[in-house]
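Just below is one structure, and these are the notes that go with it.
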Amino acid sequence: MNNKRRNFIKKSIGTSLLTVLGTEVVFAKHLPEGIQPIILDEKPTEAPGKHKEMLVLNERPWNVEAPPHLLDDAITPVDKMFIRNNGNVPEDINPDTWTLTIEGESAKTRKVFTLAELKKKFKHYTYQIQLECGGNGRSGFAPQTAGNQWKEGAISCAEWTGVRVKDVLANVGIKDDAVYVGYYGKDRHLSGDTTKVPISRGVPIKKALEDESLIAWAVNGQDIPVMHGFPLRLIFGGWAASVSGKWVEKIVIRNKVHDGEKMDGTHYRVPIFPIEPGSKVPDNEFKIIESLPVKSIITYPKSGAIIEESRTLELRGHAWAGDLAVSTLQISIDFGATWQNAELLAPKNRLAWQHWSAKVKFPRRGYYEVWAKATDTAGTSQPMVMPAWNPAGYLNNSCHRIAIKVV
Ligand SMILES: Nc1nc2c(c(=O)[nH]1)N[C@H]1C(S)=C(S)[C@@H](COP(=O)(O)O)O[C@H]1N2
Ligand SMILES: [Mo]
(Lines give C-alpha, C1' and ligand atoms only; values in the text may rest on other atoms or scores of the structure.)
(Ligands and ions follow the chains in the order given, each with its own letter.)
Protein backbone atom coordinates (compact mmCIF):
# COMPACT_ATOMS: atom_id res chain seq x y z
CA MET A 1 0.00 0.00 0.00
CA ASN A 2 1.38 3.42 -0.81
CA ASN A 3 1.63 6.26 1.68
CA LYS A 4 -1.19 8.22 0.12
CA ARG A 5 -3.58 5.36 0.52
CA ARG A 6 -2.38 4.71 4.07
CA ASN A 7 -2.89 8.33 5.06
CA PHE A 8 -6.29 8.26 3.45
CA ILE A 9 -7.31 5.29 5.57
CA LYS A 10 -5.79 6.89 8.67
CA LYS A 11 -7.86 10.01 8.14
CA SER A 12 -10.97 7.98 7.42
CA ILE A 13 -10.85 6.08 10.70
CA GLY A 14 -13.08 7.74 13.22
CA THR A 15 -15.08 9.47 10.50
CA SER A 16 -17.03 7.27 8.15
CA LEU A 17 -15.11 4.78 5.98
CA LEU A 18 -14.47 1.79 8.08
CA THR A 19 -13.07 -0.97 5.99
CA VAL A 20 -9.54 -2.27 6.04
CA LEU A 21 -8.26 -5.03 3.77
CA GLY A 22 -11.69 -5.22 2.22
CA THR A 23 -13.50 -6.03 5.46
CA GLU A 24 -15.45 -4.01 7.99
CA VAL A 25 -13.74 -2.66 11.11
CA VAL A 26 -16.57 -3.72 13.39
CA PHE A 27 -15.83 -1.54 16.43
CA ALA A 28 -14.32 1.31 14.46
CA LYS A 29 -16.19 3.91 16.47
CA HIS A 30 -14.30 2.81 19.60
CA LEU A 31 -10.92 3.44 17.97
CA PRO A 32 -9.44 6.47 19.74
CA GLU A 33 -8.61 9.49 17.63
CA GLY A 34 -5.17 9.18 16.04
CA ILE A 35 -4.98 5.41 16.51
CA GLN A 36 -5.11 3.34 13.35
CA PRO A 37 -5.64 -0.39 12.88
CA ILE A 38 -2.22 -1.97 13.53
CA ILE A 39 -2.54 -4.15 10.45
CA LEU A 40 -1.69 -1.04 8.45
CA ASP A 41 1.64 -0.73 10.26
CA GLU A 42 2.45 -4.38 9.90
CA LYS A 43 2.31 -4.53 6.13
CA PRO A 44 2.89 -1.03 4.80
CA THR A 45 4.26 -1.78 1.36
CA GLU A 46 4.80 -4.58 -1.09
CA ALA A 47 7.36 -4.32 -3.85
CA PRO A 48 6.24 -5.27 -7.37
CA GLY A 49 7.17 -8.83 -8.28
CA LYS A 50 8.47 -9.58 -4.79
CA HIS A 51 7.49 -12.09 -2.11
CA LYS A 52 4.97 -10.65 0.38
CA GLU A 53 7.41 -10.93 3.28
CA MET A 54 10.17 -8.89 1.61
CA LEU A 55 11.01 -5.76 3.61
CA VAL A 56 10.67 -2.46 1.78
CA LEU A 57 13.19 0.09 3.07
CA ASN A 58 12.40 2.68 0.44
CA GLU A 59 10.03 3.02 -2.51
CA ARG A 60 11.76 6.02 -4.13
CA PRO A 61 14.13 4.57 -5.20
CA TRP A 62 13.23 0.94 -4.61
CA ASN A 63 15.31 -0.67 -1.86
CA VAL A 64 14.01 -3.99 -0.66
CA GLU A 65 15.60 -6.76 1.40
CA ALA A 66 14.81 -10.32 2.41
CA PRO A 67 14.27 -11.39 6.00
CA PRO A 68 16.86 -14.17 6.64
CA HIS A 69 14.37 -17.06 6.65
CA LEU A 70 13.31 -16.12 3.13
CA LEU A 71 16.85 -16.84 1.87
CA ASP A 72 16.58 -20.55 2.65
CA ASP A 73 16.62 -21.68 -1.02
CA ALA A 74 19.92 -23.03 -2.38
CA ILE A 75 19.50 -20.74 -5.40
CA THR A 76 17.74 -17.46 -4.65
CA PRO A 77 14.46 -17.13 -6.64
CA VAL A 78 13.96 -13.66 -8.15
CA ASP A 79 11.00 -12.83 -5.91
CA LYS A 80 13.33 -13.15 -2.90
CA MET A 81 16.26 -11.20 -4.36
CA PHE A 82 16.97 -7.88 -2.66
CA ILE A 83 16.67 -4.71 -4.78
CA ARG A 84 19.11 -1.85 -4.46
CA ASN A 85 18.39 1.06 -6.77
CA ASN A 86 20.16 4.43 -6.65
CA GLY A 87 17.96 6.11 -9.23
CA ASN A 88 14.78 5.68 -11.25
CA VAL A 89 14.26 2.42 -13.11
CA PRO A 90 14.47 3.09 -16.87
CA GLU A 91 11.17 3.09 -18.73
CA ASP A 92 10.29 1.79 -22.19
CA ILE A 93 13.19 -0.61 -22.52
CA ASN A 94 13.24 -2.25 -25.94
CA PRO A 95 15.56 -5.28 -26.03
CA ASP A 96 15.45 -5.30 -29.86
CA THR A 97 17.06 -1.87 -30.12
CA TRP A 98 19.23 -2.11 -26.97
CA THR A 99 22.94 -1.74 -27.60
CA LEU A 100 26.08 -2.15 -25.54
CA THR A 101 28.98 0.14 -26.43
CA ILE A 102 32.57 -0.68 -25.46
CA GLU A 103 34.99 2.24 -25.58
CA GLY A 104 37.46 4.17 -23.42
CA GLU A 105 41.07 5.42 -23.41
CA SER A 106 42.38 1.87 -23.14
CA ALA A 107 40.08 0.27 -25.72
CA LYS A 108 41.85 -0.41 -29.03
CA THR A 109 38.65 0.34 -30.94
CA ARG A 110 35.07 1.32 -30.18
CA LYS A 111 32.39 -1.29 -30.79
CA VAL A 112 28.63 -1.36 -30.47
CA PHE A 113 26.85 -4.68 -29.98
CA THR A 114 23.15 -5.46 -30.16
CA LEU A 115 21.82 -8.07 -27.75
CA ALA A 116 21.46 -10.52 -30.63
CA GLU A 117 25.11 -9.97 -31.63
CA LEU A 118 26.36 -10.52 -28.09
CA LYS A 119 24.40 -13.74 -27.83
CA LYS A 120 25.58 -14.96 -31.23
CA LYS A 121 29.24 -13.93 -31.21
CA PHE A 122 30.34 -15.15 -27.78
CA LYS A 123 30.14 -18.36 -25.80
CA HIS A 124 27.46 -18.49 -23.08
CA TYR A 125 28.26 -19.28 -19.45
CA THR A 126 26.08 -19.83 -16.39
CA TYR A 127 27.38 -19.37 -12.85
CA GLN A 128 25.72 -19.19 -9.48
CA ILE A 129 27.02 -15.89 -8.08
CA GLN A 130 26.55 -14.16 -4.74
CA LEU A 131 25.72 -10.46 -4.89
CA GLU A 132 25.80 -8.55 -1.62
CA CYS A 133 25.28 -4.84 -1.16
CA GLY A 134 28.33 -3.23 0.48
CA GLY A 135 25.91 -1.65 2.97
CA ASN A 136 24.31 -4.94 4.04
CA GLY A 137 24.17 -4.93 7.86
CA ARG A 138 24.50 -1.14 8.04
CA SER A 139 21.75 -0.94 10.70
CA GLY A 140 24.14 -2.57 13.19
CA PHE A 141 26.56 0.36 13.34
CA ALA A 142 26.61 2.84 16.22
CA PRO A 143 26.59 5.73 15.76
CA GLN A 144 24.17 5.17 12.91
CA THR A 145 25.38 6.20 9.46
CA ALA A 146 23.42 7.65 6.55
CA GLY A 147 21.98 5.32 3.93
CA ASN A 148 19.53 2.42 3.77
CA GLN A 149 19.42 0.68 7.13
CA TRP A 150 19.90 -2.84 5.75
CA LYS A 151 19.65 -5.70 8.22
CA GLU A 152 20.90 -9.10 7.03
CA GLY A 153 19.07 -9.54 3.75
CA ALA A 154 20.85 -7.50 1.04
CA ILE A 155 22.41 -10.70 -0.29
CA SER A 156 21.33 -13.04 -3.07
CA CYS A 157 22.86 -15.98 -4.89
CA ALA A 158 21.12 -16.73 -8.16
CA GLU A 159 22.25 -18.35 -11.43
CA TRP A 160 23.30 -15.77 -13.98
CA THR A 161 23.74 -16.46 -17.70
CA GLY A 162 25.61 -14.34 -20.18
CA VAL A 163 28.92 -13.86 -21.93
CA ARG A 164 32.27 -13.35 -20.28
CA VAL A 165 33.39 -9.73 -19.94
CA LYS A 166 36.86 -10.89 -20.96
CA ASP A 167 35.66 -12.39 -24.27
CA VAL A 168 33.87 -9.18 -25.23
CA LEU A 169 36.77 -6.92 -24.17
CA ALA A 170 39.25 -9.11 -26.07
CA ASN A 171 37.11 -8.74 -29.19
CA VAL A 172 37.33 -4.95 -28.87
CA GLY A 173 41.00 -5.03 -27.90
CA ILE A 174 42.55 -3.98 -24.58
CA LYS A 175 45.57 -1.64 -24.59
CA ASP A 176 48.53 -2.45 -22.33
CA ASP A 177 47.84 0.58 -20.13
CA ALA A 178 44.32 -0.58 -19.10
CA VAL A 179 43.81 -0.57 -15.34
CA TYR A 180 40.05 -0.34 -14.78
CA VAL A 181 36.66 -1.03 -16.32
CA GLY A 182 33.65 1.25 -15.65
CA TYR A 183 29.95 0.97 -16.50
CA TYR A 184 27.10 3.27 -17.46
CA GLY A 185 23.48 2.16 -17.05
CA LYS A 186 20.24 3.55 -18.44
CA ASP A 187 18.64 4.36 -15.08
CA ARG A 188 18.07 8.04 -14.37
CA HIS A 189 19.00 10.39 -11.54
CA LEU A 190 16.29 10.86 -8.90
CA SER A 191 16.36 14.63 -9.43
CA GLY A 192 15.18 14.17 -13.03
CA ASP A 193 18.36 15.95 -14.21
CA THR A 194 19.29 14.03 -17.36
CA THR A 195 22.88 15.29 -17.30
CA LYS A 196 23.49 13.32 -14.09
CA VAL A 197 23.71 9.56 -13.61
CA PRO A 198 22.76 7.87 -10.33
CA ILE A 199 25.78 5.57 -10.26
CA SER A 200 28.70 4.60 -12.52
CA ARG A 201 31.17 2.29 -10.84
CA GLY A 202 33.64 -0.36 -11.95
CA VAL A 203 36.38 -2.84 -11.10
CA PRO A 204 40.12 -3.18 -11.74
CA ILE A 205 40.85 -4.86 -15.07
CA LYS A 206 42.10 -8.00 -13.27
CA LYS A 207 38.66 -8.58 -11.70
CA ALA A 208 36.92 -7.81 -15.01
CA LEU A 209 38.95 -10.53 -16.76
CA GLU A 210 38.02 -13.35 -14.35
CA ASP A 211 36.06 -16.30 -15.79
CA GLU A 212 33.00 -15.59 -13.60
CA SER A 213 32.72 -11.91 -14.61
CA LEU A 214 29.67 -11.76 -16.89
CA ILE A 215 27.60 -9.51 -19.07
CA ALA A 216 24.32 -11.26 -18.26
CA TRP A 217 20.84 -11.29 -19.81
CA ALA A 218 19.26 -14.10 -17.79
CA VAL A 219 18.82 -15.07 -14.16
CA ASN A 220 17.62 -18.51 -13.08
CA GLY A 221 16.97 -19.31 -16.75
CA GLN A 222 14.70 -16.33 -17.47
CA ASP A 223 15.04 -12.76 -18.69
CA ILE A 224 16.42 -10.52 -15.93
CA PRO A 225 13.45 -8.71 -14.29
CA VAL A 226 13.31 -4.95 -14.97
CA MET A 227 14.15 -4.16 -11.31
CA HIS A 228 17.36 -6.18 -11.60
CA GLY A 229 18.71 -4.70 -14.83
CA PHE A 230 16.72 -5.93 -17.87
CA PRO A 231 17.90 -6.50 -20.52
CA LEU A 232 21.62 -6.54 -19.64
CA ARG A 233 23.70 -6.25 -16.50
CA LEU A 234 27.19 -6.85 -15.23
CA ILE A 235 27.92 -9.54 -12.68
CA PHE A 236 31.09 -9.24 -10.60
CA GLY A 237 30.61 -11.75 -7.77
CA GLY A 238 32.08 -11.44 -4.28
CA TRP A 239 32.53 -7.64 -4.44
CA ALA A 240 30.22 -4.90 -3.24
CA ALA A 241 27.32 -5.45 -5.67
CA SER A 242 27.40 -1.76 -6.61
CA VAL A 243 30.02 -2.77 -9.20
CA SER A 244 27.51 -5.09 -10.91
CA GLY A 245 25.93 -2.44 -13.13
CA LYS A 246 22.30 -2.89 -14.11
CA TRP A 247 20.68 -1.77 -17.41
CA VAL A 248 24.23 -1.54 -18.73
CA GLU A 249 24.59 0.25 -22.07
CA LYS A 250 28.23 1.24 -22.00
CA ILE A 251 31.45 -0.25 -20.66
CA VAL A 252 34.58 1.87 -20.63
CA ILE A 253 38.10 0.47 -20.49
CA ARG A 254 40.04 3.02 -18.46
CA ASN A 255 43.74 3.90 -18.18
CA LYS A 256 43.10 5.08 -14.60
CA VAL A 257 40.78 4.20 -11.74
CA HIS A 258 37.26 4.82 -13.08
CA ASP A 259 36.02 8.23 -11.89
CA GLY A 260 32.25 7.75 -12.38
CA GLU A 261 29.47 8.64 -9.95
CA LYS A 262 29.90 7.08 -6.47
CA MET A 263 33.56 6.18 -6.92
CA ASP A 264 34.67 8.94 -4.53
CA GLY A 265 34.05 10.45 -1.09
CA THR A 266 32.53 8.05 1.39
CA HIS A 267 30.80 6.06 -1.39
CA TYR A 268 31.90 2.43 -1.23
CA ARG A 269 35.11 3.53 0.44
CA VAL A 270 36.39 2.77 3.95
CA PRO A 271 39.21 4.25 6.06
CA ILE A 272 42.69 2.79 5.60
CA PHE A 273 43.25 2.89 9.38
CA PRO A 274 40.88 1.95 12.20
CA ILE A 275 39.15 5.09 13.46
CA GLU A 276 37.12 6.12 16.45
CA PRO A 277 33.39 5.57 15.71
CA GLY A 278 31.76 8.78 14.54
CA SER A 279 34.98 10.55 13.60
CA LYS A 280 35.77 12.26 10.29
CA VAL A 281 38.37 10.87 7.89
CA PRO A 282 40.51 12.90 5.45
CA ASP A 283 39.71 12.11 1.80
CA ASN A 284 43.17 10.68 1.11
CA GLU A 285 42.80 8.13 3.90
CA PHE A 286 40.05 6.12 2.22
CA LYS A 287 40.33 3.04 0.02
CA ILE A 288 37.77 1.60 -2.40
CA ILE A 289 36.01 -1.54 -1.14
CA GLU A 290 36.92 -4.57 -3.23
CA SER A 291 36.37 -8.22 -2.23
CA LEU A 292 33.83 -8.44 0.63
CA PRO A 293 34.66 -10.10 3.97
CA VAL A 294 33.63 -13.59 5.15
CA LYS A 295 30.00 -13.83 6.25
CA SER A 296 27.16 -16.25 6.94
CA ILE A 297 23.43 -16.37 7.54
CA ILE A 298 21.05 -18.69 9.39
CA THR A 299 18.05 -19.28 7.13
CA TYR A 300 16.30 -22.00 9.15
CA PRO A 301 14.67 -21.75 11.58
CA LYS A 302 13.27 -18.27 11.64
CA SER A 303 14.41 -16.21 14.62
CA GLY A 304 11.95 -16.62 17.50
CA ALA A 305 11.21 -20.29 16.76
CA ILE A 306 9.75 -22.31 19.61
CA ILE A 307 10.87 -25.92 19.88
CA GLU A 308 10.14 -28.71 22.28
CA GLU A 309 12.68 -29.83 24.84
CA SER A 310 14.32 -33.15 23.83
CA ARG A 311 13.96 -32.29 20.15
CA THR A 312 17.05 -32.05 17.95
CA LEU A 313 16.97 -28.83 15.97
CA GLU A 314 18.26 -28.95 12.42
CA LEU A 315 19.70 -25.59 11.44
CA ARG A 316 20.78 -24.47 8.02
CA GLY A 317 22.04 -21.48 6.10
CA HIS A 318 24.72 -20.20 3.73
CA ALA A 319 28.22 -18.78 4.02
CA TRP A 320 30.37 -16.80 1.59
CA ALA A 321 33.71 -14.99 1.59
CA GLY A 322 34.10 -12.49 -1.26
CA ASP A 323 36.74 -13.72 -3.70
CA LEU A 324 37.70 -16.54 -1.32
CA ALA A 325 35.82 -19.64 -0.18
CA VAL A 326 34.64 -20.58 3.31
CA SER A 327 36.60 -23.32 5.09
CA THR A 328 34.58 -23.79 8.31
CA LEU A 329 31.22 -22.82 9.75
CA GLN A 330 30.69 -23.01 13.49
CA ILE A 331 27.58 -22.79 15.65
CA SER A 332 27.24 -21.68 19.25
CA ILE A 333 24.16 -21.96 21.50
CA ASP A 334 25.86 -20.48 24.59
CA PHE A 335 26.70 -16.94 23.44
CA GLY A 336 30.04 -17.98 21.98
CA ALA A 337 31.49 -19.88 24.98
CA THR A 338 31.71 -23.12 22.98
CA TRP A 339 31.41 -23.86 19.29
CA GLN A 340 30.53 -26.92 17.22
CA ASN A 341 31.38 -27.45 13.57
CA ALA A 342 28.53 -27.45 11.07
CA GLU A 343 28.55 -29.51 7.92
CA LEU A 344 29.68 -27.23 5.12
CA LEU A 345 29.30 -28.01 1.41
CA ALA A 346 31.58 -26.88 -1.40
CA PRO A 347 30.26 -24.01 -3.56
CA LYS A 348 28.57 -24.89 -6.86
CA ASN A 349 31.29 -22.83 -8.54
CA ARG A 350 33.71 -20.11 -7.50
CA LEU A 351 31.90 -17.04 -6.02
CA ALA A 352 28.74 -19.00 -5.13
CA TRP A 353 27.67 -19.19 -1.49
CA GLN A 354 28.09 -22.45 0.40
CA HIS A 355 25.31 -24.27 2.21
CA TRP A 356 25.75 -25.43 5.78
CA SER A 357 23.67 -27.47 8.20
CA ALA A 358 23.99 -28.44 11.84
CA LYS A 359 22.08 -30.43 14.44
CA VAL A 360 21.85 -29.04 17.96
CA LYS A 361 20.34 -30.21 21.21
CA PHE A 362 19.49 -27.81 24.00
CA PRO A 363 20.27 -28.89 27.60
CA ARG A 364 16.99 -27.65 29.13
CA ARG A 365 14.05 -25.28 28.73
CA GLY A 366 14.69 -21.59 28.30
CA TYR A 367 15.83 -18.85 25.97
CA TYR A 368 18.79 -19.48 23.69
CA GLU A 369 20.49 -17.78 20.80
CA VAL A 370 22.11 -19.60 17.92
CA TRP A 371 25.14 -17.81 16.57
CA ALA A 372 26.84 -18.76 13.30
CA LYS A 373 30.46 -17.93 12.49
CA ALA A 374 32.27 -18.59 9.23
CA THR A 375 36.02 -18.70 8.62
CA ASP A 376 37.49 -18.16 5.16
CA THR A 377 40.31 -20.05 3.43
CA ALA A 378 42.80 -17.38 4.59
CA GLY A 379 41.92 -18.14 8.23
CA THR A 380 39.90 -14.97 8.88
CA SER A 381 36.66 -15.32 10.85
CA GLN A 382 33.59 -13.16 11.22
CA PRO A 383 33.76 -10.79 14.19
CA MET A 384 31.45 -11.76 17.03
CA VAL A 385 30.45 -8.23 17.96
CA MET A 386 31.05 -5.63 15.21
CA PRO A 387 33.77 -4.89 12.65
CA ALA A 388 35.38 -1.45 12.41
CA TRP A 389 32.98 1.48 12.24
CA ASN A 390 33.28 3.51 9.01
CA PRO A 391 31.56 6.73 7.89
CA ALA A 392 29.05 5.16 5.48
CA GLY A 393 28.41 1.94 7.39
CA TYR A 394 29.86 -0.68 5.03
CA LEU A 395 31.17 -4.21 5.59
CA ASN A 396 29.24 -5.29 8.67
CA ASN A 397 30.04 -9.00 8.63
CA SER A 398 29.36 -9.69 12.30
CA CYS A 399 27.83 -13.05 13.20
CA HIS A 400 24.15 -13.60 12.52
CA ARG A 401 22.15 -14.47 15.65
CA ILE A 402 18.70 -15.98 15.99
CA ALA A 403 16.51 -16.44 19.07
CA ILE A 404 15.21 -19.88 20.09
CA LYS A 405 12.79 -20.68 22.87
CA VAL A 406 12.84 -24.24 24.19
CA VAL A 407 9.63 -25.28 25.92
N1 LIG B 1 22.67 1.03 -13.16
C2 LIG B 1 22.66 0.69 -11.86
N3 LIG B 1 23.33 -0.40 -11.48
C4 LIG B 1 23.33 -0.78 -10.18
C5 LIG B 1 22.68 -0.01 -9.20
C6 LIG B 1 21.96 1.14 -9.62
O7 LIG B 1 21.34 1.86 -8.84
N8 LIG B 1 21.98 1.46 -10.96
N9 LIG B 1 22.76 -0.37 -7.87
C10 LIG B 1 23.96 -1.14 -7.52
C11 LIG B 1 23.98 -1.61 -6.14
S12 LIG B 1 24.47 -0.49 -4.97
C13 LIG B 1 23.72 -2.91 -5.83
S14 LIG B 1 23.90 -3.48 -4.22
C15 LIG B 1 23.28 -3.87 -6.86
C16 LIG B 1 21.94 -4.49 -6.47
O17 LIG B 1 21.52 -5.41 -7.42
P18 LIG B 1 20.04 -5.97 -7.37
O19 LIG B 1 19.10 -4.81 -7.19
O20 LIG B 1 19.83 -6.71 -8.63
O21 LIG B 1 19.97 -6.90 -6.17
O22 LIG B 1 23.14 -3.28 -8.14
C23 LIG B 1 24.12 -2.32 -8.47
N24 LIG B 1 24.00 -1.90 -9.84
MO1 LIG C 1 24.77 -1.68 -2.97
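Can you show me the helix-derived [θ] at 222 nm for the chain, built from DSSP H runs with n ≥ 4 at -39,500 (n - 2.57) apiece and divided by the number of residues, rounded to the nearest 500.
On the way: 5 runs with 33 residues, N = 407.
Counting only the DSSP helices, I get -2000 deg cm²/dmol.
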Under 21 Å between C-alpha atoms, the lysine pairs in segment 295-406 lying 8 or more places apart or on different chains count 13
Accessible surface ranking that places the most exposed of V385, V89, V257 first, with a 1.4 angstrom probe | V385, V257, V89
Each label sits 7 Å from Cα toward the beta-carbon; between Y300 and E33 the label points are separated, in nm, by 5.2
So what is the accessible area of the chain per residue, in Å², with the probe set to 1.4 Å?
-> 47
Just the number, please: carbon plus sulfur as a percent of the accessible area of segment 78-288, 1.4 Å probe, no ligands or DNA/RNA counted.
-> 48
Which aspartates and glutamates, on any chain, are close to K196 with Cα under 18 Å apart, when same-chain ones fewer than 8 places away are left out?
-> E91, D187, E249, D259, E261, D264
Can you tell me the FRET efficiency between E117 and S279 if r is taken as the Cβ-Cβ distance and R0 is 51 Å, rounded to the nearest 0.05?
-> 0.50
Overall dimensions of segment 185-252 as given by Cα atoms, namely Rg and Dmax in Å = 12.5, 37
Summing +1 per Lys or Arg and -1 per Asp or Glu among the other residues with Cβ less than 14 Å from W150's Cβ gives +1
Share of carbon and sulfur in the accessible heavy-atom surface of segment 295-406 [1.4 Å probe, %] | 52
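Rounded to the nearest 0.05, what FRET efficiency do S310 and N58 have when you use their Cβ-Cβ distance and R0 = 56 Å? The partial results should precede the final answer.
Details: r = 45 Å, r/R0 = 0.80.
The pair S310/N58 has a calculated efficiency of 0.80.
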Relative to the longest principal axis of the chain, what angle (0 to 90°, nearest 10) does the C-alpha long axis of helix 3-12 take?
-> 20
Cβ-based net charge around D323, under 12 Å, with every Lys or Arg adding one and every Asp or Glu removing one | -1
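The values are calculated or read from the model by the stated rules, or taken from the named source; none is laboratory data. Fair warning: this is a prediction, and the values are worked out from it, not measured in the lab. Methodologically, a virtual Cβ is constructed for each residue, glycine included, from the backbone with ideal geometry; neighbour enumeration extends over all protein chains shown. In case anyone asks, the SASA skips ligands and DNA or RNA and just uses the protein heavy atoms, side chains included. Shrake-Rupley method; radii C 1.70, N 1.55, O 1.52, S 1.80 Å.
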